[in-house]
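What follows is a set of notes on a single structure, which appears directly below.
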Amino acid sequence: MQICKTFSEIRATVGEWRRQGQTVVFVPTLGNLHEGHLQLVNLAATQGDKVVVSIFVNPLQFGKNEDYALYPRTLDADVEKLRGAGANALFCPSDSEVYPNGVEEQTTVAVPTMTNILCGATRPGHFTGVTTIVSKLFNIVQPHKAVFGVKDFQQLAVVRRMVEDLCFPIEIIGAPVARADDGLALSSRNGYLNAAERAIAPALYRTLVAARDTIAAGERNYALLGARAQISLLEAGMRPDYLSVRAAKTLEPAAPGDHDLAILAAAYLGKTRLIDNVTISIP
Ligand code: PAF
């Protein structure tokens, strides 16, 4: 696996692969890699000839009260995991090359409306931080395809919208949510849960599945369904931020005639905020 720390190194590497006619698939990450990330890498390997993974803890997407300084930097362990997973290149740029004028002076890329709801409502500026770094990484790495986890459903929808609106010649692939045996979606944040919280955490997925089953059985009052599911989360010992049935592409509140739905949830366990989602297609 080639390790590229500068824009010129990754551009030379990917440029050579492209000249050889190889399809380059990109997996952007914040590092602190777990099994869920490695599943993204495995999926990427099935989608092309070369897999490039980036590790960059992006300050622009962390809010003032969020854990940017505390976000675990585990580069050596990450490199070993990526080698094991068969990635072809790792791109790990420095803050100073990515943001030479500082984050305050960075030109930004902002997707409107769908970034201000759900997670965007409590994390102002977060998605603009994401779309800005993802567009920079796309321009630097120049992949043919990019893989994002469906676990961050809103992020995936926002990235798809950005790619469509700004005509990036990159195919976006959603990778299924990787789950522990008890259903909990794999996340770096699970490491913050104590034993009692970890035992409660699978209730988030169970509640989403129950909501999906209720829709499959014919329920179309999505607002009521969401409110009831939030009560289930409270009863399980979680503090819901939201649980809402949405149109999968636009993330607008689902209407009875919509076909492709996503049920999205965010909830706190102690200080840890977990997110998860399930989807359902109605014929
Ligand atoms: O999902 C993530 O890990 C990050 O938001 C991403 C896409 C790597 C951008 O920093």
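Only one entry in 191, 257, 218 is at positive phi and loosely packed, with under 15 Cβ neighbours inside 10 Å, namely 218. For segment 37-52, residues that are within 19 Å of residue 150 (Cβ to Cβ) and either near the ligand (Cβ under 10 Å from one of its atoms) or of a type in the set (Asp, Glu) (or both) total 2. With the structure loaded, tell me whether residue 164 is in contact with a Lys or Arg (Cβ under 6 Å, 6 or more places away or on another chain), under 30 Å from residue 22 (Cβ atoms) and surrounded by fewer than 19 Cβ atoms within 10 Å (Cβ to Cβ) or whether it fails that test. Against the criterion (in contact with a Lys or Arg (Cβ under 6 Å, 6 or more places away or on another chain), under 30 Å from residue 22 (Cβ atoms) and surrounded by fewer than 19 Cβ atoms within 10 Å (Cβ to Cβ)), residue 164 does not qualify. Of all residues being polar (S, T, N, Q) and within 12 Å of the ligand (Cβ to nearest atom) in segment 134-166, which is farthest from the chain's Cα centre (by Cα)? Just the residue, please. The residue in question is 135.
When every residue of segment 134-148 is checked against the conditions, none turns out to be out of contact with any strand residue (DSSP E or B) (no Cβ under 9 Å at 6 or more places or on another chain), in a loop (DSSP other than H, G, I, E, B) and modelled with pLDDT of 95 or more. When the criteria are applied in full, residue 57 fails the requirement of being of a type in the set (A, V, I, L, M, F, W, C), in contact with a Gly (Cβ under 6 Å, 6 or more places away or on another chain) and open to solvent by less than 70 Å² (accessible area, probe 1.4 Å).
A search for C-beta distances below 8 Å between a residue of segment 27-41 that is within 11 Å of residue 81 (Cα to Cα) and any residue that is modelled with pLDDT of 95 or more and among the acidic types (Asp, Glu), counting only pairs 6+ apart in sequence or on different chains, returns 31/78; 32/78; 33/78.
The values are calculated or read from the model by the stated rules, or taken from the named source; none is laboratory data. Remember, predicted model here, so these are calculated numbers, not experimental data. Note that each Cβ is placed from the backbone with ideal geometry, even for glycine, and that neighbours are counted across all protein chains shown. Ligands, DNA and RNA are stripped out before the accessible areas are found, and what is left, the full protein with its side chains, is counted by its heavy atoms. Shrake-Rupley method; radii C 1.70, N 1.55, O 1.52, S 1.80 Å.
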